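The values are calculated or read from the model by the stated rules, or taken from the named source; none is laboratory data. Keep in mind the model is a prediction, meaning the values are calculated, not measured. Here Cβ is always computed from backbone atoms with ideal geometry, including for glycine, and neighbour counts include all displayed protein chains.
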Amino acid sequence: MRLLQLEKMIKKKDLPDLSNENNLRLELCNIFNEDKAEDIISLDMTPIYGYSSWFLIVTALSTVHLKKLTNDAIGLLKKQKTFLKIVPNQTDYESGWVVLDCGGFLVHIFLKEVRELYNLEDLWADTPKIAFNG
């Protein structure tokens, strides 16, 4: 299911079941898209770890934007009662990289230069990728 399909469902008021991790991933992508995040990519880590797992990677435009994206994601995850741990801590926005550990998946929110430095997409180049376009 693509982001556009999710948007059509929301417009019809046929909201997805967010207890399903795929639907939760799509709703996170929708929030990031609405918040003007860039380069939203999902990596399917199942082939690496052997169980259902994925990374969601997004780019923030500034430290303030990083904080906004993080807070909006945390809001959705808490609302859905999703396991959540902020690594290393929620107030480390100056590092340019926030990781939300949600048990079965990780959300990586980067500033552009930090994302380019660590380049997780190349590190995990053999994993299936989905790019989300708004």
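Cβ-Cβ under 6 Å, sequence separation 6+ or interchain: first residue in region 105-116 and assigned to a helix (DSSP H, G or I), partner not acidic (Asp, Glu). Which pairs?
112/59; 114/96; 114/97; 115/59
Tally the residues that are of a type in the set (A, V, I, L, M), surrounded by fewer than 19 Cβ atoms within 10 Å (Cβ to Cβ) and not in a strand (DSSP E or B), restricting the search to region 34-76.
As a first pass, look at region 34-76 and keep what is of a type in the set (A, V, I, L, M): 37, 40-41, 43, 45, 48, 56-58, 60-61, 64, 66, 69, 73-74, 76.
Narrowing the set further to residues that are surrounded by fewer than 19 Cβ atoms within 10 Å (Cβ to Cβ) leaves 41, 48, 61, 64, 74, 76.
Narrowing the set further to residues that are not in a strand (DSSP E or B) leaves 48, 61, 64, 74, 76.
Matching residues across region 34-76 total 5.
Scan region 58-98 residue by residue and report those that are aliphatic (A, V, I, L, M), farther than 21 Å from residue 120 by Cβ and at pLDDT 95 or above. If you could, list the steps in order and put the result at the bottom.
The first filter runs over region 58-98 and keeps only residues aliphatic (A, V, I, L, M), leaving 58, 60-61, 64, 66, 69, 73-74, 76-77, 84, 86-87, 98.
Keeping just the survivors that are farther than 21 Å from residue 120 by Cβ gives 64, 76.
The one that is aliphatic (A, V, I, L, M), farther than 21 Å from residue 120 by Cβ and at pLDDT 95 or above: 64.
Of everything in region 98-120 that's of a type in the set (A, V, I, L, M, F, W, C) and closer than 14 Å to residue 85 by Cβ, which residue is surrounded by the fewest Cβ atoms within 10 Å (Cβ to Cβ)?
So the first thing to find is which residues in region 98-120 are of a type in the set (A, V, I, L, M, F, W, C), and the list is 98-100, 102, 105-107, 109-111, 114, 117, 120.
Narrowing the set further to residues that are closer than 14 Å to residue 85 by Cβ leaves 98-100, 102, 105-107.
Numbers: 98: 26, 99: 17, 100: 21, 102: 21, 105: 21, 106: 19, 107: 25.
By that ranking, first place goes to 99.
Could you run through region 39-59 and say how many residues are within 11 Å of the chain's Cα centre (by Cα) and among the charged types (D, E, K, R)? Break it down into steps so the answer makes sense when it comes.
Taking region 39-59 and keeping what is within 11 Å of the chain's Cα centre (by Cα), we get 39-43, 54-59.
Remaining after also requiring among the charged types (D, E, K, R): 39.
The number of residues fulfilling the criteria is 1.
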